[in-house]
């Protein structure tokens, strides 16, 4: 019997022994590598907290806690104007904080194409592919032209940046809010691009 056969036979016996011993306990998950990846150190936000730990007495049995009042998450920008006619009119005083650059316009065009163009059209003419497919959809305004009126009064091409932002934030008529899809910075970039579309003759 040569060395290769001895090694192969030994390996086969060890493999069989490991395999059969692993199948003995049906509840066992077997050998686990990096056990700390299975059992997180931090509490799961949905599980109750043990109140036996004096450091956790203030949790009162709950892991997930309501944030203190008048606090904001880090990096969160609160939009103070309400979704009312008065809030809309007050939004006219808002000014786009971003500089008009090629990069900002390009990103604004990208977000506009993804979120707005399906209804408002690539050129802002109110003839997006959803409008063309569904003849029942009407009243999608164009951003330019002498007959493109806003449902809130005035021409769409004369809308101030703040009013466009307010509409993106809350939505209007059949248009839903885009506050959850676009960050405040991204909304202002869309406003910047829409104002370019307003200049089309």
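The values are calculated or read from the model by the stated rules, or taken from the named source; none is laboratory data. Remember, it's a predicted structure, so these values are computed and weren't measured experimentally. Methodologically, a virtual Cβ is constructed for each residue, glycine included, from the backbone with ideal geometry; neighbour enumeration extends over all protein chains shown.
Tally up the residues in region 146-184 that are touching a residue at least 24 places away in the same chain (Cβ under 8 Å), within 15 Å of residue 198 (Cα to Cα) and in a loop (DSSP other than H, G, I, E, B), please.
Number of matching residues: 2.
What about residue 51, is it more than 25 Å from residue 141 (Cα to Cα) and at pLDDT 85 or above? Let's see the steps before the verdict.
Values: more than 25 Å from residue 141 (Cα to Cα): yes; at pLDDT 85 or above: no.
In short, no.
Show the residue pairs that are 6+ apart or on different chains and have beta-carbon atoms under 6 Å apart, the first residue being within region 7-22 and modelled with pLDDT of 85 or more, the second being assigned to a helix (DSSP H, G or I) and loosely packed, with under 10 Cβ neighbours inside 10 Å.
Listed pairs, sorted by first residue: none to list.
Applying the selection to region 78-97, what residues are part of a loop (DSSP other than H, G, I, E, B) and more than 18 Å from residue 171 (Cα to Cα)?
Within region 78-97, 95, 96, 97 qualify.
Answer yes if at least one residue in region 124-141 is over 27 Å from the mean Cα position of the chain (by Cα) and within 22 Å of residue 83 (Cβ to Cβ), and no otherwise.
There is at least one residue in region 124-141 that is over 27 Å from the mean Cα position of the chain (by Cα) and within 22 Å of residue 83 (Cβ to Cβ).
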